[in-house]
1. Need the full-extension length gain, residue 70 to residue 21, defined as separation in residues times 0.36 nm minus the C-alpha distance. One decimal, nm.
2. For the chain, just the Cα atoms, rotate onto the principal axes and tell me the three extents in Å, largest first.
3. Residues of the range 21-61 with amide nitrogen under 14 Å from the 7 Å Cα-to-Cβ point of residue 1?
4. GNM, the chain, Cα, under 10 Å: largest mean-square fluctuation among 71, 44, 31?
5. Please arrange 72, 88 by how many other C-beta atoms lie within 10 Å of their C-beta, fewest to most.
6. How much length would be gained if the chain were fully extended between residue 29 and residue 10, taking 0.36 nm per residue of separation minus their Cα-Cα distance, in nm to one decimal?
7. So if R0 is 30 Å, what FRET efficiency would residue 59 and residue 86 give, r being the distance between their Cβ atoms, rounded to the nearest 0.05?
């Protein structure tokens, strides 16, 4: 199981990882937990929408954009909350 994803030099510990190829481009779908303490940093990162993606365990590196994104909780500004984020990234044509 892949345990870590790096988006623009930010390491994210993963709960789930799926990988496929669509028209010779990588598509990855991941789930990960975000605490209320990390919420602002993670959402600010995701607003960038396009990323340098690294999967160290697979020795993969590529540019990708968000294809789909969702979260299990809408207000992680409340203290001591944890949400599950689901993120699908699709490799961009260089």
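1. In short, 15.5 nm is gained.
2. 42, 25, 21
3. Output list for this probe position: 30-33.
4. With Cα springs under 10 Å in the chain, the top fluctuation among 71, 44, 31 is at 44.
5. So the ranking, lowest neighbour count to highest, is 72, 88.
6. So the extension gain works out to 5.2 nm.
7. It comes out at approximately 0.80.
Laboratory data are not the source of any read-out in this text; all were calculated from the coordinates shown. Model, not experiment: these values are computed from the prediction. FYI the Cβ positions are ideal-geometry reconstructions off the backbone, even for glycines, and counts take in every protein chain you see.
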